[in-house]
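See below for the structure under consideration.
The values are calculated or read from the model by the stated rules, or taken from the named source; none is laboratory data. Here the structure is a predicted model, which is why all the values come from computation and not from measurement. No Cβ is skipped: glycine too gets one built from the backbone with ideal geometry, and neighbour counts run over all protein chains shown. Heavy atoms of the whole protein, side chains included, go into the accessibility calculation; ligands, DNA and RNA do not. Shrake-Rupley method; radii C 1.70, N 1.55, O 1.52, S 1.80 Å.
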Amino acid sequence: MVEHTVKAFDEDITRLRGLIAEMGGLAELAIQEALEALVTGNEELAQQVVDRDKKLDRLEGEIDAMVVRLLALRAPLADDLREIIAALKIAGMVERIGDYSKNIAKRVGRIEGRGRFEPLTLLASMGELAAEMVHDVLTAYAARDPLSAREVIERDAKVDAFYDSVFRNLVTHMMENPATISSAAQLLFVARNLERIGDHATNVAEMVHFAAVGHYPTDIER
Amino acid sequence: MVTEPLSQRSNAEPKMRARDVSVFYGDKKAIDAVSIDIPSEYVTAFIGPSGCGKSTFLRAFNRMNDTIASARVEGTIELDGEDIYKSGMDVVQLRARVGMVFQKPNPFPKSIYENVAYGPRIHGFAEGKADLDAIVERSLRRAGLWEEVKDRLAESGTALSGGQQQRLCIARAIAVEPEVILMDEPCSALDPIATAKIEELIDELRGRYAIVIVTHSMQQAARVSQRTAFFHLGSLIEFGETSQIFTTPRESRTQDYITGRYG
């Protein structure tokens, strides 16, 4: 990409992109560790996920402030404008992904009789898929690659299918073993959170696409 | 060159139509085979780096380049279908129909009243003093200057502030009932408040006149125009809806220029 005549603007944009990448890395780690804590019952790890979420909140705040400053001082246009608006929205979405992971981590201590839950392995696989979507959409962001972004969007259907499967599985489980209802209900929320993470990764992918080419993937190709 | 259709484009004939227009200064080609339609209903902005030929091209629309001995125009420019470069064209009449506002306000060293009355009088637009008074008031009102000067019409136009002088020049241009107004960086010598007043005025005049504005301010082009043409090295690179040009330009040269990457 051709550099701006005003070098400081390039530095600002590089810094903004760096902050988004940092948020993405933290969010991906949060999903993985929340799931690991859930499957193994590691409450210490779960607490780490909860504590680390504050860092995501701080980074989002930093990005918000930077975007406001860039809009006011640089009056960006065309791809610069799209880049900066996309960063603002992506930061919000990744922060939400962090919140969902934190929510999963908070449920770790409320699951009883881990060994009895076959759906836990399903949730682990579902979480892996969601974490991969987050990882890949941030790779697409870093590369400004609309095709990879589309590929991530297509993957959301798999996460949704997982959700349906986990849901049915857990409901069956609850009907057969009413004593597990309390724990199973917690797992239903976990599945729901993972499904929402997939949706947010999809939204991020749409913004990556918008920033790169100027329209959303759902718009008619012009 | 990329041209995008306007989504709500009228079927009406363009007010002015340029076809394969080239402008030379001696042997140097300043504008190279540019074709463009200027519609009545819109403000059209010409943008581009210094020396890209946008002002030269603007001045071709009312034959202002005729005053430069070495300047030569090829191609055709039509006003309502009539070639303005045909032999026997009344250039004075043309410039009344296609008015111009310049970079620096240039009121005549006469009274505010005379600045506006001069054109209608020499073109025989007014029948008597009352008629002329009415034209002066109407023009000053349209230019958003009436309330500020109505009690001192006899004062010299040059005594006004820069922003008021520029609005006086706009009043002078519209006093002769033009169909097109060409503006060559009309706000470059004005402060932000005077600039905002001119921009507001441009917005109010839109629809009544076809307006073409040359500006170095991207934000100004974005604020006042509905269509934007980007020129580079004498060529028209991209012409489209302003909102499209400033959010999703199709040409990388347009993008590089408006985002400040122009080397």
- Note on the structure: Residues of region B:119-158 being over 23 Å from B:V92 (Cβ atoms) and in contact (Cβ under 8 Å) with a residue 60 or more places away in the chain, in sequence order, are B:G144
- Tell me, please, whether a residue that is out of contact with any helix residue (DSSP H, G or I) (no Cβ under 8 Å at 6 or more places or on another chain), within 14 Å of chain A (Cβ to nearest Cβ) and either farther than 30 Å from A:A8 by Cβ or part of a loop (DSSP other than H, G, I, E, B) (or both) can be found in region B:217-233. yes
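Do we find that B:G124 is open to solvent by less than 20 Å² (accessible area, probe 1.4 Å) and either in a helix (DSSP H, G or I) or modelled with pLDDT under 95 (or both) in this structure?
Details: open to solvent by less than 20 Å² (accessible area, probe 1.4 Å): no; either in a helix (DSSP H, G or I) or modelled with pLDDT under 95 (or both): yes.
No: the conditions fail for B:G124.
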- Task: Would you check if A:E195 is open to solvent by 40 Å² or more (accessible area, probe 1.4 Å) and not hydrophobic (A, V, I, L, M, F, W, C)?
- Result: no
- State all residues of region A:7-41 that are within 11 Å of chain B (Cβ to nearest Cβ) and touching a residue at least 24 places away in the same chain (Cβ under 8 Å); if no residue qualifies, say none. A:F9, A:I13
- Query: Do any residues in region B:54-66 that are in contact (Cβ under 8 Å) with a residue 12 or more places away in the chain and open to solvent by less than 10 Å² (accessible area, probe 1.4 Å) have Cβ atoms under 6 Å from those of residues that are of a type in the set (G, A, S) and not in a loop (DSSP other than H, G, I, E, B), where the two are at least six apart or on different chains, and which pairs are they?
  - Reply: B:N65/B:A71
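Being within 14 Å of another protein chain (Cβ to nearest Cβ) and not aromatic (F, W, Y) is true for just one of B:P186, B:P249. Which residue is that?
On the way: B:P186 fails: within 14 Å of another protein chain (Cβ to nearest Cβ).
After applying the criteria, what remains is B:P249.
Pick from A:A72, A:A46, A:A124, A:A87: which is open to solvent by less than 60 Å² (accessible area, probe 1.4 Å) and either modelled with pLDDT under 95 or within 14 Å of chain B (Cβ to nearest Cβ) (or both)? Walk me through how you get there before you give the answer.
On the way: A:A72 fails: open to solvent by less than 60 Å² (accessible area, probe 1.4 Å); A:A46 fails: either modelled with pLDDT under 95 or within 14 Å of chain B (Cβ to nearest Cβ) (or both); A:A87 fails: either modelled with pLDDT under 95 or within 14 Å of chain B (Cβ to nearest Cβ) (or both).
One residue alone meets the criteria, A:A124.
Is it the case that A:G61 is more than 14 Å from every other protein chain (Cβ to nearest Cβ) and either over 25 Å from A:E195 (Cβ atoms) or outside any helix (DSSP H, G or I) (or both)? Before the answer, list the steps.
On the way: more than 14 Å from every other protein chain (Cβ to nearest Cβ): yes; either over 25 Å from A:E195 (Cβ atoms) or outside any helix (DSSP H, G or I) (or both): yes.
Yes.
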